[in-house]
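Student: Take a look at this one; I'll ask things after.
The values are calculated or read from the model by the stated rules, or taken from the named source; none is laboratory data. Predicted, not measured: the structure shown is a model, and the values here were computed from it. Virtual Cβ from ideal backbone geometry, glycine too; neighbours counted across all protein chains shown. Side chains are part of the model used for accessible areas, which takes the heavy atoms of the whole protein and leaves out ligands, DNA and RNA. Shrake-Rupley method; radii C 1.70, N 1.55, O 1.52, S 1.80 Å.
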Amino acid sequence: MNYTIQDILRIIKAEPLLVEAAKNPVKDLLIDSRSLNNASVSLFFAIKGKRHDGHTYIPELFEKGVRNFVVSEEPENIAEYKGCNFLKVADTLKALQTLAAAHRAAFVLPVIGITGSNGKTIIKEWLYQLLSPDKKIIRSPRSFNSQVGVPLSVWQISPEHELAIFEAGISEPDEMGKLQNIIKPTIGLFTNIGTAHDKNFIQISQKVGEKLKLFTKVETLIYCTDYYDIQGQIIKTELPKTIGFFTWSRKNKADLQITNVEKSQRQTRITGLFKSNILFIDIPFTDDASVENAIHCWAVMLLMGYHPLHISDRMLQLAPVAMRLEMKEGINRCSIINDSYNSDINSLSIALDFLNQQKQHQKRTLILSDILQSSMDDYSLYSSVASLIIEKGITRLIGIGPDISRQSVLFPVEKEFFKDTEDFLQHFSLSRLSDETILLKGARMFEFEQISRVLQQKSHETVLEINLNALVHNLNYYRTKINPGVKIMAMVKAFSYGSGSFEIANVLQFQHIDYLAVAYADEGVELRKAGITTPIMVMSPEEESLDTLIRYKLEPEIYSHRILDLLCGAVRNRSSLAETIVPVHIKMDTGMHRLGFQPKELDQLIDALKREPSIKVKSVFSHLATADEPTLDEYTLRQIALFKEMGKKMKDALDEPFLMHILNSAGISRFREAQFDMVRLGIGLYGIGNDEREQQALQNVSTLKSIISQIKDIPEKDSVGYSRKWIASGPATIAIIPIGYADGLDRRLGNGKGKAFIDGHAVPVIGNICMDMCMVDITGIPVKEGDEVVFFSENYTVKQFAEDLGTIPYEVLTSISRRVKRIYYYE
């Protein structure tokens, strides 16, 4: 839906301070100047908070092209804001909420509203995973559950959506009623009740009562009757007379009565009684929080009428929900995890779990501020923190703040304490941090972004941002395409297609990927040293690397008799490994005519394998040459048929079972009947689809960006760059960007062939691209030095970038230099 300024003026009942005829409708609501995407269709709400005033950002946003503002006070020199709309209200936050509520009222669709002390975001994301195959769903981005976050979430509803899932959180009384009016849920889910924000409520019953305001007009409320504070408060209200309930319990009779929870090494079976029928689900998690979250999701699906077998199938496919954090390369070979979004004991536990997932360093340091979101006394709170630190294996604690410093005696690890962030930065020698993973966990008032900046590896201002949420989304998309029981091998060769080495492998290992594949042994060794234990196939083993390969338990691809003989010799020559069994992967040449055994070589290969007891065949595979070319499907089908024939011959001859795999990313989607035992997921994982339909389903993983280093005015007929390849046809303004061919920006993109984007404007690359920089023409575009410059992103994808270059996305991604800093995002 599109809204004119006149529509918004009417809805929020604003006073028009300055209203011009707007050329564009309002599509984006903006409260943070750093989140600006499309200035021409944005409406900025100048919200006042305890530590900031949105009105101070109006000049900056005006310079960036924003022309629509909702304010609570008239800006100075308002007449200078030519072409702008200024709408004045008494309370800009209330105006934002009023506009979102009006937008919600324009749609008739089922809405699931979720609140509670813990689990809201995970349940929301899991419900999305479970229900999105059937419905077009809009859900809260990240943890947008606050007085500001909820209206921004609801604003995203559009006519295409068939279901909405929104979470709502409160920190003090009289907040939830406002959120109820915006969300207007038809199904309610109350997760649980805990101690967060207790200090703002007289007693827990008051907090429960406040949260229940979200559900006053739902058709059905789902909750667990084992939480007696919730159950008791519901009984005291009028809700039982006006709404329906779907309850679950581990202890008492309920609509869904949990009768057994059985945990194994990697998954949990949950058994329950529903309508006198015994049902069960399996989930790929074993922690108690995940069990509870899964039961909530189970209850929702049962309420919505899903068949129990359908539910069971999907529950087993649940994937972990990525966290909100940022991971960067740090000084002195450190890895920096920044999770300064909030500071409470629950989020600290989750962040420490993520820290433990990073295996690249043995030493783990936690830099922790005072925890402000707690009703516990300091001794009890930091005793709990100390227990967590011991449990999670933290090597060193750096405490920042007066509260944690006073409890220093509680922490039985290497430790130091500072009164505030400035004290730490002035008195702690950063040279003492090296070869370790560092977690920053601080309340916002401690401004840990200052610490993050000094700990980051010093490099130029060109970065490649890697969206780990998108990577996980793409992995899960392909998981929906494969048959039950089929394994996935993820390609992380060539520095994970330019995206990073152990950082990507860590995510994939956490996602329970079955196999990783690298090109050379040294790539596999790097992953092993970083703590990756997932099986790794080495696609191009070399003679000098065979000993190393065996030592680090890497599994070589065997593509010729020569490499097989060399491997057997390496095993025999190492007396200490005389009893070692080396897993191998046999490569068949079915028509690619690169590496691999041809059909006529199979008899000799089988004889050699039978003679060598130290070699165990883990898989037999081949490579499709034309899986992404529909016009060549006949050739692909011939390859598949030949592979099947060769594989059968191997299976008939060898005693041990092995996996078979031939499909790459394109093949997964196009030749489901040829998935065999495993598929190999490569470029699709990184967001590059085989066709337009698949591309729409994938998410962008990589964004290459830089900044404007300098702006210059160039007179007519002056040239720019080496060899005077670009001559100004008139007075021009150019920007110099610190990225060149040494960073992976191909020289062929110079002289108008390529382009970059600054504040949404496409600007041509002019002149010859230099080793360390390039120039763009910004004539007539209002930008300034330091502004962000994007070369490819979700809006101008790697695929489009590659097409303009005349190459393929593989080359673009793998060409990005290692000197370009990688920044990894989890949300």
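Student: Here is a check on your reading of the model: is Thr286 assigned to a strand (DSSP E or B) and either out of contact with any Asp or Glu (no Cβ under 7 Å at 6 or more places or on another chain) or more than 29 Å from Gln511 (Cα to Cα) (or both)?
Tutor: Numbers: assigned to a strand (DSSP E or B): no; either out of contact with any Asp or Glu (no Cβ under 7 Å at 6 or more places or on another chain) or more than 29 Å from Gln511 (Cα to Cα) (or both): yes.
So Thr286 fails the test.
Student: Exactly one condition in (1) within 30 Å of the chain's Cα centre (by Cα); (2) free of Cβ contacts under 8 Å to residues at least 40 places away in the same chain; (3) over 20 Å from Ile165 (Cα atoms) is false for Arg266; which is it?
Tutor: Arg266 satisfies all of (1) within 30 Å of the chain's Cα centre (by Cα); (2) free of Cβ contacts under 8 Å to residues at least 40 places away in the same chain; (3) over 20 Å from Ile165 (Cα atoms) except (2).
Student: Every residue in segment 100-119 that is at pLDDT below 90 and touching an Asp or Glu at 6+ places or on another chain (Cβ under 9 Å), please.
Tutor: Asn118, Gly119
Student: Anything in segment 609-645 that is in contact with a helix residue (DSSP H, G or I) (Cβ under 6 Å, 6 or more places away or on another chain) and in a helix (DSSP H, G or I)? List them, or say none.
Tutor: Ile640, the sole residue that qualifies.
Student: Let me ask something else about it. Restricting segment 191-206 to residues that are modelled with pLDDT of 65 or more and among the hydroxyl-bearing types (Ser, Thr, Tyr), which is nearest to Lys120 (Cα to Cα)?
Tutor: Thr191
Student: Does Gly531 fit the bill of being farther than 24 Å from His661 by Cβ, out of contact with any His (no Cβ under 6 Å at 6 or more places or on another chain) and assigned to a loop (DSSP other than H, G, I, E, B)?
Tutor: For Gly531, the condition - farther than 24 Å from His661 by Cβ, out of contact with any His (no Cβ under 6 Å at 6 or more places or on another chain) and assigned to a loop (DSSP other than H, G, I, E, B) - is met.
Student: To continue, here is another question. Restricting attention to segment 715-731, does a residue exist that is in contact with a helix residue (DSSP H, G or I) (Cβ under 6 Å, 6 or more places away or on another chain), of a type outside the set (Phe, Trp, Tyr) and free of Cβ contacts under 8 Å to residues at least 24 places away in the same chain?
Tutor: no
Here's the yes/no breakdown for (1) surrounded by fewer than 19 Cβ atoms within 10 Å (Cβ to Cβ); (2) closer than 30 Å to Ala319 by Cα; (3) touching a residue at least 40 places away in the same chain (Cβ under 8 Å); (4) among the charged types (D, E, K, R):
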{"site": "Pro59", "(1), (2), (3), (4)": "yes, no, no, no"}
{"site": "Phe62", "(1), (2), (3), (4)": "no, no, no, no"}
{"site": "Asn68", "(1), (2), (3), (4)": "no, no, yes, no"}
{"site": "Asn85", "(1), (2), (3), (4)": "no, no, yes, no"}
{"site": "Ala90", "(1), (2), (3), (4)": "yes, no, no, no"}
{"site": "Thr98", "(1), (2), (3), (4)": "no, no, yes, no"}
{"site": "Phe107", "(1), (2), (3), (4)": "yes, no, yes, no"}
{"site": "Thr121", "(1), (2), (3), (4)": "no, yes, yes, no"}
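Student: Going by what's in this entry, would Ser665 be described as open to solvent by 30 Å² or more (accessible area, probe 1.4 Å) and either among the polar types (S, T, N, Q) or within 26 Å of the chain's Cα centre (by Cα) (or both)?
Tutor: no
Student: Could you check segment 774-827 for strands (runs of 3 or more DSSP E) lying wholly inside it with 3 or more residues that are in contact (Cβ under 8 Å) with a residue 60 or more places away in the chain and hydroxyl-bearing (Ser, Thr, Tyr)?
Tutor: 821-826
Student: Does Leu549 satisfy being farther than 22 Å from Ile683 by Cα, open to solvent by less than 80 Å² (accessible area, probe 1.4 Å) and either touching a Cys at 6+ places or on another chain (Cβ under 9 Å) or not in a loop (DSSP other than H, G, I, E, B) (or both)? It would help to see each step written out before you state the result.
Tutor: Numbers: farther than 22 Å from Ile683 by Cα: yes; open to solvent by less than 80 Å² (accessible area, probe 1.4 Å): yes; either touching a Cys at 6+ places or on another chain (Cβ under 9 Å) or not in a loop (DSSP other than H, G, I, E, B) (or both): yes.
Spelling it out, Leu549 is indeed farther than 22 Å from Ile683 by Cα, open to solvent by less than 80 Å² (accessible area, probe 1.4 Å) and either touching a Cys at 6+ places or on another chain (Cβ under 9 Å) or not in a loop (DSSP other than H, G, I, E, B) (or both).
Student: Go through (1) open to solvent by 50 Å² or more (accessible area, probe 1.4 Å); (2) at negative phi; (3) under 27 Å from the mean Cα position of the chain (by Cα) for Pro412 and report which single condition fails.
Tutor: Against the list (1) open to solvent by 50 Å² or more (accessible area, probe 1.4 Å); (2) at negative phi; (3) under 27 Å from the mean Cα position of the chain (by Cα), Pro412 comes up short only on (3).
Student: For segment 615-656, give me each residue that is open to solvent by less than 60 Å² (accessible area, probe 1.4 Å), in contact with a Ser or Thr (Cβ under 6 Å, 6 or more places away or on another chain) and of a type in the set (Ser, Thr, Tyr).
Tutor: Hits for segment 615-656 are Ser622, Thr626, Thr636.
Student: So for segment 704-715 (the condition being of a type in the set (A, V, I, L, M, F, W, C), open to solvent by less than 10 Å² (accessible area, probe 1.4 Å) and closer than 20 Å to Met491 by Cα), does at least one residue qualify?
Tutor: Within segment 704-715 (the criterion being of a type in the set (A, V, I, L, M, F, W, C), open to solvent by less than 10 Å² (accessible area, probe 1.4 Å) and closer than 20 Å to Met491 by Cα), the answer is no, since none of the residues qualifies.
Student: Among the numbered conditions (1) open to solvent by less than 30 Å² (accessible area, probe 1.4 Å); (2) aromatic (Phe, Trp, Tyr); (3) more than 25 Å from Asn690 (Cβ to Cβ), tell me where Tyr741 comes up short.
Tutor: So the condition that Tyr741 fails would be (1).
Student: What's the total number of residues in segment 355-400 that are among the hydroxyl-bearing types (Ser, Thr, Tyr) and open to solvent by less than 10 Å² (accessible area, probe 1.4 Å)?
Tutor: Qualifying residue count, segment 355-400: 3.
Student: Based on what the data block shows, is Ser434 in a helix (DSSP H, G or I) and of a type in the set (S, T, N, Q)?
Tutor: Judged against the criteria, Ser434 is not a match.
Student: Okay, next question. Considering only residues that are touching a Cys at 6+ places or on another chain (Cβ under 9 Å) and within 17 Å of Asp713 (Cβ to Cβ), which ones fall in segment 738-767?
Tutor: Residues satisfying the conditions are Ile766, Gly767.
Yes/no per residue for (1) open to solvent by 50 Å² or more (accessible area, probe 1.4 Å); (2) in contact with a Phe, Trp or Tyr (Cβ under 7 Å, 6 or more places away or on another chain); (3) at pLDDT 95 or above:
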position	(1), (2), (3)
Lys136	yes, no, no
Ser153	no, yes, no
Ser158	no, no, no
Ile170	no, no, no
Lys178	yes, no, no
Thr186	no, no, yes
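Student: Which of the residues spanning segment 246-263 are under 11 Å from Thr225 (Cα atoms) and open to solvent by 60 Å² or more (accessible area, probe 1.4 Å)?
Tutor: Matches in segment 246-263: Arg250, Lys251, Asn252, Lys253, Asp255.
Student: Let me ask something additional. How many residues does segment 275-295 contain that are open to solvent by 10 Å² or more (accessible area, probe 1.4 Å), β-branched (Val, Ile, Thr) and under 24 Å from the mean Cα position of the chain (by Cα)?
Tutor: Residues flagged as open to solvent by 10 Å² or more (accessible area, probe 1.4 Å), β-branched (Val, Ile, Thr) and under 24 Å from the mean Cα position of the chain (by Cα) within segment 275-295 amount to 1.
Student: So, in segment 32-82, of the ones that are in contact with a His (Cβ under 8 Å, 6 or more places away or on another chain) and not in a loop (DSSP other than H, G, I, E, B), which residue ends up modelled with the lowest pLDDT?
Tutor: Lys48
Student: Tell me whether segment 676-689 contains one or more residues that are surrounded by 14 or more Cβ atoms within 10 Å (Cβ to Cβ), at pLDDT 95 or above and in contact with a Pro (Cβ under 8 Å, 6 or more places away or on another chain).
Tutor: no
Student: Show the residue pairs that are 6+ apart or on different chains and have beta-carbon atoms under 8 Å apart, the first residue being within segment 215-241 and without any contact (Cβ under 8 Å) to a residue 12 or more places away in the chain, the second being surrounded by 16 or more Cβ atoms within 10 Å (Cβ to Cβ) and of a type outside the set (Val, Ile, Thr).
Tutor: As it stands, the answer is Gln231/Tyr223, since those pairs meet every condition given.
Student: Next question, about the same structure. Helices (runs of 4 or more DSSP H) wholly in segment 176-253 with at least 2 residues that are farther than 18 Å from Gly113 by Cβ - which ones?
Tutor: Fully inside segment 176-253 and qualifying: 204-212, 228-236, 239-242.
Student: Would you be able to tell me the number of residues in segment 711-733 that are under 30 Å from Pro809 (Cβ atoms) and in contact with a Phe, Trp or Tyr (Cβ under 9 Å, 6 or more places away or on another chain)?
Tutor: 1
Student: Are any residues in segment 70-83 without any contact (Cβ under 8 Å) to a residue 40 or more places away in the chain and on the phi > 0 side of the Ramachandran plot, and if so, which ones?
Tutor: Matches in segment 70-83: Asn77 only.
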